[in-house]
1. Looking at (1) over 28 Å from the mean Cα position of the chain (by Cα); (2) surrounded by 15 or more Cβ atoms within 10 Å (Cβ to Cβ); (3) within 19 Å of residue 260 (Cα to Cα), which is the only condition residue 188 fails?
2. Testing residue 163 on (1) surrounded by 16 or more Cβ atoms within 10 Å (Cβ to Cβ); (2) more than 25 Å from residue 110 (Cβ to Cβ), one condition comes back false. Which one is that?
3. Tell me yes or no: at least one residue of the stretch 202-214 is outside any helix (DSSP H, G or I) and within 20 Å of the chain's Cα centre (by Cα).
4. Scan 190, 254 and give me the residue that is out of contact with any helix residue (DSSP H, G or I) (no Cβ under 7 Å at 6 or more places or on another chain) and either farther than 20 Å from residue 297 by Cα or at pLDDT below 95 (or both).
5. If I go through the stretch 272-331 residue by residue, how many of them are within 18 Å of the chain's Cα centre (by Cα), within 18 Å of residue 211 (Cα to Cα) and at pLDDT below 90?
6. Run down 88, 71 and say which single residue is at pLDDT 80 or above, over 30 Å from residue 157 (Cβ atoms), outside the structural domain of residue 167 (by TED's automatic domain parsing) and loosely packed, with under 12 Cβ neighbours inside 10 Å.
7. Looking at 154, 181, which one is over 20 Å from residue 229 (Cα atoms), in contact with a strand residue (DSSP E or B) (Cβ under 9 Å, 6 or more places away or on another chain) and either outside any helix (DSSP H, G or I) or not assigned by TED's automatic domain parsing to the domain that holds residue 234 (or both)?
8. Taking the condition surrounded by 15 or more Cβ atoms within 10 Å (Cβ to Cβ), out of contact with any strand residue (DSSP E or B) (no Cβ under 7 Å at 6 or more places or on another chain) and assigned to a loop (DSSP other than H, G, I, E, B), does residue 222 pass?
């Protein structure tokens, strides 16, 4: 009985004698007769050994031998009420914090988008005047001056790439997801074909497992594989023969995809930095990039309810993983 009113009524009737107790029919009948007789006595005011209580506006008479049970039950009920009130207060506080966090994230995304967008105008001016300077005054510059001009042009180009990547990263949090069934094996093959101009003339052994179909946003997952495969080809270009494997590790709760290469690898002590914005473990002079690609991958997979992580060793290659919950594939 969860209702305290029912508990009190049960105690009045002597029901505590039969809670989790084996009993004989004769004993049950005798207890019922005793309860009825006791009730008649109380009504005639001939017996007063007990206490009258009022609960929710109703009068109840509890005999003295059951007061201890009643006190225990009521104290437990009161503790449960207080605990429930505390849980409700904590739930309200959590909702407020979640709302504040959501608003802060939206403000941050809006700020990142605005800053990136506003940086484009001055960058276009720099690029435009560099072109005019190179066209009209290059013949007036010596080798050192031309070198300075080239350095400015390269820096402006890199800045443009940073802005483009930052805008894409910011936009990824706001774009609406369109989940549909997709052939991952076909998507990987198409992504490799798109890399053709970048890997022309290189010896690359591609090993592609039979990848299961998934239900996800195809444009987003395409970008995930594009970034992972582009990184794999970039960080293996110092190898005479490149080995790149695309595989899967199925499990009951999630499907884990991975891209493994035999490239320069990385030190696991810095693995936590890999998926951060503008975080890079290699110098730009060695390998180009802005440090946003992996951060974008983490954001995309997080929006699908999955995980991202990586394993590697210096000069012994790396493996990048991402997972998608199996239950979402049928949604």
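1. Of the numbered conditions (1) over 28 Å from the mean Cα position of the chain (by Cα); (2) surrounded by 15 or more Cβ atoms within 10 Å (Cβ to Cβ); (3) within 19 Å of residue 260 (Cα to Cα), the odd one out for residue 188 is (1).
2. (2) is the only condition that residue 163 fails.
3. From the stretch 202-214, those outside any helix (DSSP H, G or I) are 202-214; that's our starting set.
Okay, now just the ones that are also within 20 Å of the chain's Cα centre (by Cα), so 214.
There is at least one residue in the stretch 202-214 that is outside any helix (DSSP H, G or I) and within 20 Å of the chain's Cα centre (by Cα).
4. Numbers: 254 fails: out of contact with any helix residue (DSSP H, G or I) (no Cβ under 7 Å at 6 or more places or on another chain).
Every option except 190 fails the conditions.
5. Result for the stretch 272-331: 4.
6. Working: 71 fails: at pLDDT 80 or above.
It is 88.
7. Working: 154 fails: in contact with a strand residue (DSSP E or B) (Cβ under 9 Å, 6 or more places away or on another chain).
One residue alone meets the criteria, 181.
8. The answer is no for residue 222.
The values are calculated or read from the model by the stated rules, or taken from the named source; none is laboratory data. The model shown is predicted, which means the values in this text are computed figures rather than measured ones. Counting neighbours? That spans all protein chains shown, and the Cβs are built from the backbone with ideal geometry, glycine included.
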